[in-house]
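J.: Handing you a structure now.
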Amino acid sequence: MGQLVAIVGRPNVGKSTLFNRLTQSRTAIVDETAGTTRDRQYGKVDWNGKEFSIVDTGGWVVNSDDVFESEINKQVELAIEQADEILFVVDAMNGVTDLDDHVAEILRKSRKPVILVANKVDSNEWVYNVPEFYSLGLGEPYPVSAINGYGTGDLLDEIVKKLPERDDEEEQLDDVAKFAVVGRPNAGKSSIINAFIGEERNIVTEIAGTTRDSIYTRYNKFGFDFYLVDTAGIRKKNKVNQDIEYYSVIRSIRAIEASDVCILMIDGTRGIETQDVNIFSLIQKNKKGLVVVVNKWDLVEDKSQVAMKHYEATIRERFAPFTDFPIIFSSALTKQRIYKVLETALEVYQNRRRTVPTSQLNTYMQEVIAAYPPPSNKGKFVKIKYVTMLKGAPIPSFIFFCNLPQWVKEPYRRYLENKIREKWDFTGTPISVFMREK
């Protein structure tokens with residue numbers, strides 16, 4: 001499972017710019033107006049073979065200074081509780097402010113690793129302002145310029161160095177399927193977990209989570225044997241009045257990263273919403289298996305086959321281009337089709353571990369490629385000579401060896417993936433297609 005790094009700090013210090021720089025994306029909106037970041041941004045970072053997750057916890061635009069500090073406080077506290085490591089971003093141009101001191105005081109009381117990032121060192125003259133931040137009591141400040149990349153390599157080295165190592169207990173769980181129930185608030189996550197476990201509590205074993213946040217429940221009845229990654233029902237009462245949407249996303253990140261297959265709950269009475277798509281994106285970024293469950297189907301008035309097909313088409317349209325996943329219409333309250341959910345999750349887990357013999361793969365794919373070869377480029381033709389399945393990969397991964405791999409574009413890769421899915425059952429699991437030079 002990956003580790004989570006949270007970016008905190010007062011508004012307009014360059015948190016979103018740093019997020020974009022580290023994730024090599026433009027996901028977060030960047031503007032000089034303080035408080036531009038409202039939707040929490042999430043991404044993956046791969047540095048020298050070490051992968052971790054990162055979340056941008058930007059401040060909100062508010063009118064009152066007191067409210068402003070209160071909202072920042074909530075974000076910092078949530079980040080401290082959930083993250084493995086904190087990046088505290090300050091502004092080297094403006095120096096230490098009262099709000100920096102306030103955030104630093106909270107971080108000092110935590111037991112989490114904190115890296116102090118002095119941003120906006122866009123020229124050499126601002127380097128001389130950096131020592132001022134030693135006064136925050138958080139160790140050595142790292143001078144960086146998120147806008148031009150200065151110092152970010154050294155920063156990434158330090159981030160990777162301070163991340164906690166994978167522990168022995170987590171490694172012992174690898175051989176058993178791990179399912180996470182995720183979704184937006186009130187979609188029925190707790191209800192379906194309770195329905196899974198039932199009253200015979202004595203036949204399940206709770207293992208204290210290998211993270212602070214996820215609890216692994218061993219489920220071994222009715223012929224099933226898997227760990228349920230439970231994050232749905234353990235929110236503290238004093239957290240309910242906080243930013244629930246942000247909190248649920250952080251919890252979802254934890255559950256998703258700890259799992260093999262995600263059971264995404266959608267409220268059938270409300271339909272698919274933006275938050276559902278956001279959580280689906282988290283599942284995709286982490287390359288996990290997927291089962292979509294439309295819950296509360298007992299409360300929907302029109303339960304006809306036509307209505308179900310329309311609902312299903314809408315979900316696949318919103319989640320496109322990845323559409324090869326099962327959708328189950330269920331009710332956690334009446335236990336309608338809940339065991340179908342478990343059966344399907346196990347099937348997806350098995351698909352995720354499926355291997356295809358190299359001889360079968362080449363025989364089939366060479367016919368597919370001959371029927372529709374890659375488009376030519378500047379009069380030169382791509383010739384795919386050999387294909388094999390990568391062993392030991394976390395998801396099914398296929399390597400195509402050819403003479404000009406750089407000219408094989410995404411549409412043709414998707415064509416190859418679709419043909420693989422037509423021949424072999426990889427429903428619910430993502431597939432990686434790589435082109436390598438022969």
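J.: Only residues in segment 276-288 that are within 15 Å of Ile54 (Cα to Cα) count as the first member; pair them with residues that are of a type in the set (Phe, Trp, Tyr) and surrounded by 21 or more Cβ atoms within 10 Å (Cβ to Cβ), Cβ under 7 angstrom, at least 6 apart or cross-chain, and list the lot.
T.: Partner pairs satisfying both residue conditions: Leu282/Tyr42.
J.: From the list Val160, Val229, exactly one residue is under 30 Å from Asn48 (Cβ atoms), modelled with pLDDT of 75 or more and surrounded by fewer than 19 Cβ atoms within 10 Å (Cβ to Cβ). Which is it?
T.: Unique residue meeting the criteria: Val160.
J.: Would you say Val62 is modelled with pLDDT of 85 or more, open to solvent by 40 Å² or more (accessible area, probe 1.4 Å) and either closer than 20 Å to Arg21 by Cβ or not in a helix (DSSP H, G or I) (or both)?
T.: No: the conditions fail for Val62.
J.: Among the numbered criteria (1) farther than 17 Å from Glu257 by Cβ; (2) open to solvent by 10 Å² or more (accessible area, probe 1.4 Å); (3) at pLDDT 80 or above; (4) not in a loop (DSSP other than H, G, I, E, B), which one does Lys44 miss?
T.: Going through the list (1) farther than 17 Å from Glu257 by Cβ; (2) open to solvent by 10 Å² or more (accessible area, probe 1.4 Å); (3) at pLDDT 80 or above; (4) not in a loop (DSSP other than H, G, I, E, B), Lys44 breaks only (1).
J.: Tell me yes or no: at least one residue of segment 341-361 is at pLDDT below 90, under 30 Å from Val176 (Cβ atoms) and surrounded by 13 or more Cβ atoms within 10 Å (Cβ to Cβ).
T.: no
J.: Filter segment 189-221 down to residues that are open to solvent by 10 Å² or more (accessible area, probe 1.4 Å), at pLDDT 80 or above and not in a helix (DSSP H, G or I), then give me how many there are.
T.: Qualifying residue count for the region: 1.
J.: Would you mind stating whether Gln284 is out of contact with any helix residue (DSSP H, G or I) (no Cβ under 7 Å at 6 or more places or on another chain) and assigned to a helix (DSSP H, G or I)?
T.: Yes; evaluated as a whole, the condition is true for this residue.
J.: Of the conditions (1) of a type outside the set (Lys, Arg); (2) touching a helix residue (DSSP H, G or I) at 6+ places or on another chain (Cβ under 7 Å); (3) surrounded by 14 or more Cβ atoms within 10 Å (Cβ to Cβ); (4) over 30 Å from Val382 (Cβ atoms), Tyr364 clears all except one; give me its number.
T.: Evaluating Tyr364 over (1) of a type outside the set (Lys, Arg); (2) touching a helix residue (DSSP H, G or I) at 6+ places or on another chain (Cβ under 7 Å); (3) surrounded by 14 or more Cβ atoms within 10 Å (Cβ to Cβ); (4) over 30 Å from Val382 (Cβ atoms) leaves (4) as the failure.
J.: Moving to a separate point now. I'd like to check something: does segment 259-279 contain any residue that is touching a Pro at 6+ places or on another chain (Cβ under 9 Å) and part of a helix (DSSP H, G or I)?
T.: Checking segment 259-279: at least one residue is touching a Pro at 6+ places or on another chain (Cβ under 9 Å) and part of a helix (DSSP H, G or I).
The values are calculated or read from the model by the stated rules, or taken from the named source; none is laboratory data. The shown structure was predicted, so the numbers you read here are calculated from the model rather than taken from an experiment. As a convention, Cβ positions derive from the backbone with ideal geometry for all residues, glycine included, and neighbour counts pool all protein chains shown. When the accessible area is computed, the model is the full protein with side chains, heavy atoms only, and any ligands, DNA or RNA have been set aside. Shrake-Rupley method; radii C 1.70, N 1.55, O 1.52, S 1.80 Å.
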